[in-house]
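The next block holds one structure in the form of structure tokens; read it before the comments.
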Amino acid sequence: MADSQIVAIGGRRADAEIRRINDFVLGLTGKERPRVCFVPTAAAEDADFLVYLYAQFGGRADTCHVSFFPWPPEDLRELVLSQDVLLVPGGNTANMLAVWRVHGVDRMMREAWARGVILTGVSAGMICWFECGVTDSFGPLAALRDGLGFLPGSACPHYDGEKDRRPTYQGLVRGGFPAGYAADDGAALHFVDTDLAACVASRPMARGYRLCAESDTIAETPLSVRLLS
């Protein structure tokens with residue numbers, strides 16, 4: 001049985017940087033030309049962004065995407081389970097999860113993960129795998145408490161990319177939010193099963209962090225980072 005793997009990416013700044021992280025994900029499949037399916041629900045299935053994704057992976061993978069509008073494909077489960085990688089771009093996490101749950105995609109994702117399909121994504125595609133996360137799905141930054149729960153605890157993307165992310169996440173954890181992980185733009189957390197296996201980065205200053213509450217303070221521990229070339 002293949003390992004269950006998730007690569008949770010904090011954010012993207014430049015095409016070359018996100019390409020290095022995508023190369024890392026593709027390498028985890030062990031295949032010369034893996035099958036990659038984009039699930040751009042959070043981005044409202046934006047056509048221009050889909051073109052960008054196809055261009056990013058052109059020549060390196062066999063690619064397809066899932067659309068839920070006007071309705072999902074009849075063979076949705078088979079499509080999801082036949083992939084090597086399921087990639088979830090950023091956008092509105094709460095809306096995405098609502099659509100997924102209506103169509104049973106949350107269960108399909110869990111089944112795919114258990115079978116060894118690599119789950120990955122940026123921002124919304126980072127926090128959705130956890131129990132909880134910091135989101136702008138409702139406008140101002142706030143807690144999202146109904147993530148998929150494949151990974152325990154909480155998560156926060158864009159930790160260095162948006163000035164309010166760090167204080168918001170720290171405040172939530174101080175107030176009882178589950179302990180968890182933060183990732184800067186250009187940093188990615190690689191989980192095998194539910195254990196953190198590595199933190200990788202596509203730019204020198206990008207970091208990942210472990211956060212937990214200790215009495216009235218926050219313990220923010222930088223993770224060891226491997227810089228991707």
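Here are the numbers:
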{"read-out": "Residue in region 58-74 that is touching a helix residue (DSSP H, G or I) at 6+ places or on another chain (Cβ under 7 Å), surrounded by fewer than 16 Cβ atoms within 10 Å (Cβ to Cβ) and without any contact (Cβ under 8 Å) to a residue 12 or more places away in the chain present", "value": "yes"}
{"read-out": "Selected residue (criterion: farthest from Val99 (Cα to Cα)) from residues of region 34-45 that are touching a residue at least 40 places away in the same chain (Cβ under 8 Å) and open to solvent by 20 Å² or more (accessible area, probe 1.4 Å)", "value": "Arg35"}
{"read-out": "Test set (1) polar (S, T, N, Q); (2) surrounded by fewer than 24 Cβ atoms within 10 Å (Cβ to Cβ); (3) in contact with a helix residue (DSSP H, G or I) (Cβ under 8 Å, 6 or more places away or on another chain) - Thr194 fails condition number", "value": "(3)"}
{"read-out": "Matching residues, region 92-103, being free of Cβ contacts under 8 Å to residues at least 24 places away in the same chain and of a type outside the set (Lys, Arg)", "value": "Ala98, Val102"}
{"read-out": "Region 128-163 - residue that is on the phi > 0 side of the Ramachandran plot and outside any strand (DSSP E or B) and, of those, most open to solvent (accessible area, probe 1.4 Å)", "value": "Gly139"}
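The values are calculated or read from the model by the stated rules, or taken from the named source; none is laboratory data. Note that this is a predicted model, so its numbers are computed, not measured. Using ideal geometry, Cβ is built from the backbone for each residue, glycine included, and neighbour counts are taken over all protein chains shown. These accessible areas exclude ligands, DNA and RNA; they are computed on the full protein's heavy atoms, side chains included. Shrake-Rupley method; radii C 1.70, N 1.55, O 1.52, S 1.80 Å.
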